[in-house]
Structure formats: C-alpha cells, structure tokens
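Below is one structure, written out as structure tokens, with a few remarks after it.
The values are calculated or read from the model by the stated rules, or taken from the named source; none is laboratory data. Keep in mind it's a predicted model, so treat the numbers as computed, not measured. Cβ atoms come from the backbone with ideal geometry, glycine included; neighbour counts cover every protein chain shown. Quick note on the areas: whole protein, heavy atoms, side chains included, nothing else; ligands and nucleic acids left out. Shrake-Rupley method; radii C 1.70, N 1.55, O 1.52, S 1.80 Å.
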Amino acid sequence: MKSTARRQSYGVKGAPYAFLVPATVLFALFFALPIGYAIWLSFRKVKVSGLGLGSGARKEVWAGLENYTDALTDSELVNGALRVLGYGCIVVPVMLGLALLLALMLDAEKVRLAPFTRLAIFLPYAIPGVVAALLWGFLYLPDVSPFYFVLDKLGLPQPDLLDGGPLYLALSNIAVWGGTGFNMIVIYTSLQAIPAEVYEAAKLDGATPLQIALRIKIPMVAPSLVLTFFFSIIATLQVFNEPTTLKPLTNSVSTTWSPLMKVYRDAFGEGDIYGAAAQAVIIAFATLLLSFGFLRAANRRQKQEAAR
C-alpha cells in the first residue's frame, strides 16, 4: 500500500514536467540549437591555402572576434541600421497613434457596425507581408496604379513613391496598413476590461467623453501601449519582407537596404555564412538590448506613478 501510494505521489508530482517535455524539445531543436549554432559560426572563418583547390585547401578555423569587428566597421551594415532607424521613426508613432485612436473610437458609447469595423481594421493583419507588399507595390507603379491614372486625369502632380525620400513613406505605409489592426485589437481589449463603474463615476463628476478618454482610458491602457510599442520595436528592427518584395520594382532599394537584407545577401548570395552569423548575432543583441531597456524604463515609470 505504501509503495503504491508513493508511486502515485511521484506520478502526480512528475506530471507537470512530462507535459513540459514536448515544448522543451521543440524549443531546444528549433530555437536554442539554431541560436547556439549561429553563435558558433560567428567565431569561425574559412582559411584558404594556395589557390583554394584540392582537398584540404579550404579549412574552417577559429576567427575570434574578427567577424564581429568586420561587421561593426562595415559601412553597409551601419547605413542599413540608419535607414531602419528612420523607417521606425515613421512607422511606430503613426501605427500606434492610429491604433489608439481607432480603439478609442470603437470603445465609444454610440458606434454603428462596431463588429464589422473591427473586422475591417484587423483584416489587413491577416494578409501575409509579402502579399501586402506586392499589392501596394503595384499600386505605387505609375504604369498600372489606378491612383496615378486618376491624378493624371485631374492634372495633378504624380510623385514617384519608389524613389528617394518618398520610398520611406511607401514602405512605412505598408507596415502601418498591416500592423495597425493587431495593435488596435490589443488596446481595444484592454479598454473593454475597464469597469463600467469608473465611467459612471466620471460622468457623475461632469467629465466629458474627451476628458474620460484622456484622463481615464489612456492611462488605464498604458500597459497595453507598452506591450504594443515593444512588439513594434522588434518588428521594425526585423524589417525584411517589404523592402525585399519592392526591390524588383525600383532601383532605390539595394540588397543591403536593411540589416537583415545584408545578412541574407552575405549568407546566401556571397556564401559568407560566418560573417552573416556575426551580423545576425549583433542584430539580435541590439534588439534584446533595446527591448530590455525600454521595458525597464517603462516599469520604472509605472512604479514611480504607483508610489505617488
């Protein structure tokens, strides 16, 4: 009896760990192992002897920090990071501003067709990024775009959105169009969780809908705003689909327009998987550092406000 009870006790205690095994195995195989392999490659390089012909002419050797030094001093990688920084300065504020505005409008008392409106705003997020980039890319082309046809008939100027400065606006528009719906749903869900008694008390105190939105709703959904800003930073630093898809349509997008595009070119275009691995590690570390710094600053501010 005691041995049976003991086995049952061990079985109950070990059940949670058994449920964790599949997720742990998948995490190790498809996340931890690739990251570890990329880090290992970043410290390696190929040493060529002679003309590089014959067996043993090309050997993989230890490179130390050489790949990281080359990556940090690479002007193409630095310029790509600066372009992504400018791109993010447009995308993140506009996308989150629109998401917050739309969420507040849908959370108003008298809203017609609210379910349909929510679905319509969220729908672009369900479209794959490559498909969305192709769709907008053809709308940007003067020869096939209906917008340019209308502008031509009206005698209005027809700007080239795929060249120079307007290219940033064209790429940002694709990201804003596709990401606003997701962020809006996150913020709207937080608004729906606010107790109705809070609004009733504010109305009894004579607060207007605008005052309720600015002084009650926005402060109470601040954690959701922090979360959406966090996700937006990560998505911005990893921008790849939009510029890569628009590249065949314009000469203004190079193969190194963004850092991830340069990693892809070096790894699969030039065969330098070791330098590309070092660049990928640097990008991942920069993303982690910025995300951690932002979350720490946001948490510190929340603690300061709670202590007041």
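The table that follows gives values for the structure above.
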quantity	calculated
Qualifying helices (runs of 4 or more DSSP H) (wholly inside segment 198-248; at least 3 residues being within 21 Å of Leu135 (Cβ to Cβ))	241-246
Residue count for segment 1-37, restricted to those that are among the hydroxyl-bearing types (Ser, Thr, Tyr), open to solvent by 100 Å² or more (accessible area, probe 1.4 Å) and either in the same structural domain as Ile273 (by the TED database) or modelled with pLDDT under 85 (or both)	2
Meets criteria (more than 25 Å from Ala193 (Cα to Cα) and either surrounded by 19 or more Cβ atoms within 10 Å (Cβ to Cβ) or over 23 Å from the mean Cα position of the chain (by Cα) (or both)) for Thr256	yes
Any hit, segment 241-250, residues being out of contact with any helix residue (DSSP H, G or I) (no Cβ under 8 Å at 6 or more places or on another chain), modelled with pLDDT of 90 or more and not hydrophobic (A, V, I, L, M, F, W, C)	yes
From Ala307, Ala280, residue being surrounded by 15 or more Cβ atoms within 10 Å (Cβ to Cβ) and out of contact with any Lys or Arg (no Cβ under 7 Å at 6 or more places or on another chain)	Ala280
Residue that is nearest to Leu123 (Cα to Cα), among those in segment 187-214 that are among the hydrophobic types (A, V, I, L, M, F, W, C) and buried (at least 17 other Cβ atoms within 10 Å of the Cβ)	Ile187
Of the criteria (1) more than 17 Å from the chain's Cα centre (by Cα); (2) at negative phi; (3) open to solvent by 80 Å² or more (accessible area, probe 1.4 Å), which one Leu113 fails	(2)
Test: residue in segment 91-102 that is open to solvent by 70 Å² or more (accessible area, probe 1.4 Å), out of contact with any helix residue (DSSP H, G or I) (no Cβ under 8 Å at 6 or more places or on another chain) and more than 30 Å from Asp152 (Cα to Cα)	yes
Residue match in segment 136-148 (condition: of a type in the set (Val, Ile, Thr), crowded, with 17+ Cβ neighbours inside 10 Å and in the same structural domain as Phe229 (by the TED database))	no
Extreme residue, most open to solvent (accessible area, probe 1.4 Å), among residues of segment 283-303 that are among the polar types (S, T, N, Q) and touching a residue at least 12 places away in the same chain (Cβ under 8 Å)	Gln302
Count - residues of segment 138-191 that are in contact (Cβ under 8 Å) with a residue 24 or more places away in the chain and of a type in the set (D, E, K, R)	1
Selected residue [assigned by the TED database to the domain that holds Gly86 and more than 26 Å from the chain's Cα centre (by Cα)] from Ile185, Ile212, Ile218, Ile174	Ile212
